[in-house]
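Accompanying notes for the structure given below.
The values are calculated or read from the model by the stated rules, or taken from the named source; none is laboratory data. This structure is a prediction, so every number in the text was calculated from the model and none was measured. Note that we place each Cβ from the backbone using ideal geometry, even for glycine, and neighbour counts take in every protein chain shown. When the accessible area is computed, the model is the full protein with side chains, heavy atoms only, and any ligands, DNA or RNA have been set aside. Shrake-Rupley method; radii C 1.70, N 1.55, O 1.52, S 1.80 Å.
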Amino acid sequence: MTGYRIMAGHLTGLIGSVKFADLKVRDVQFALGTLAERPSSRSVRLARMILIQAIRNAMVNDLAVRDVAELAAAPTGEPGQN
């Protein structure tokens, strides 16, 4: 659970000011690309999954129209890590 909270905090710092309805694929690509500079590939995949789940929840509540995180590819993290 700690890793989840850490990644959620990083995501909030990177794109937390953007409303779900205004979120673009390029915003997600930017956030994931920034995260890929530091943590492992597994952490980047976790961050992407957090975004996908959050956007799907927003879609259920009519706060978003499409899941832009699903359209963004997860970049590879630092070499030598998971």
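Quick notes on this one:
- Note on the chain: with charges restricted to the Cβ of Lys and Arg (+1) and Asp and Glu (-1), its dipole about the Cα centre is near 100 debye.
- The chain - Kirkwood radius from inverse mean 1/r over Cα pairs (Å): 12.6 Å
- Per residue, the accessible area of the chain comes to 64 Å² when a 1.4 Å probe rolls over the protein heavy atoms.
- For the chain, the longest principal axis of the Cα atoms and the long axis of helix 2-15 meet at an angle of about 60 degrees.
- As a fraction of the 1.4 Å probe accessible area of the stretch 1-59, surface on carbon and sulfur atoms comes out at 53 percent.
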